[in-house]
Every structure is written in C-alpha cells, then in structure tokens.
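Student: Sharing a structure here in structure tokens format.
Read the figures in this text as sums done on the coordinates, not as results from a lab. This one's a predicted model, so the numbers in the text were calculated from it and none came from an experiment. Cβ sites come from the backbone with ideal geometry, for glycine too, and all protein chains shown count toward neighbours.
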Amino acid sequence: MAYRIRIYGRVQGVGFRFSTKLVAKRLGIKGWVRNLPDGSVEVLAEGDKMEEFLKFLRRGPPLARVDDVKIEKVEEKVQEGFHIY
C-alpha cells in the first residue's frame with residue numbers, strides 16, 4: 001500500500017526533501033518527495049517501515065517546523081528508489 005503525504009509548516013528551504021530522501025533510503029522506503037507551490041511538501045511512499053518514516057515526516061529535520069501532516073492511502077504504482085523532484 002502506498003501513501004500520499006502532505007506536510008505543512010516551515011518545510012521548504014530547510015533541507016526537508018534531502019533529509020526525507022536520506023531517511024527513506026535508510027528505511028528501504030521507495031517513492032518521491034517534492035515541494036509544492038503553496039509552500040507544502042508532498043511525498044509518495046511505500047515500504048515495510050512506513051510507521052518509522054511517518055514519524056520522521058511528522059517531526060522533520062532540525063530547521064523545519066511541521067504544523068500539519070495529511071496522510072492518504074492510495075492505489076498508485078511507486079517506482080524503485082527514492083527521488084527528489
């Protein structure tokens with residue numbers, strides 16, 4: 001099962017995407033992360049250690065401030081590896 005996740009707060013310009021990729025690779029999560037025009041970050045992810053990955057996304061890297069996280073289960077094909085867009 002894949003998850004589409006939106007993270008709101010001070011999440012752009014603070015290394016959020018780069019940190020997300022590092023954590024995803026460490027946990028064996030596949031998918032992608034991207035900035036959105038409204039200032040949020042969107043993630044599509046799939047893997048066995050999703051709970052640990054979601055815990056990181058709710059906290060973010062040290063310079064981030066996460067105000068809200070929306071999580072939706074989706075029936076999408078997720079490509080191998082983890083990519084930043």
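Student: Considering only residues that are in contact with a Lys or Arg (Cβ under 6 Å, 6 or more places away or on another chain) and of a type outside the set (Asp, Glu), look in the range 21-46 and name the one that is surrounded by the most Cβ atoms within 10 Å (Cβ to Cβ).
Tutor: That would be VAL33.
Student: Would it be correct to say that GLY47 is farther than 14 Å from GLN79 by Cβ and either of a type outside the set (Lys, Arg) or in contact (Cβ under 8 Å) with a residue 40 or more places away in the chain (or both)?
Tutor: So GLY47 fails the test.
Student: May I ask you to say which residue of ALA64, ALA24 is closer than 12 Å to ILE7 by Cβ and either small (Gly, Ala, Ser) or touching a Phe, Trp or Tyr at 6+ places or on another chain (Cβ under 8 Å) (or both)?
Tutor: ALA64
Student: Still on this structure, please answer the following. Looking only at the range 1-25, which residues are part of a strand (DSSP E or B) and under 23 Å from GLN79 (Cβ atoms)?
Tutor: Correct list: ALA2, TYR3, ARG4, ILE5, ARG6, ILE7.
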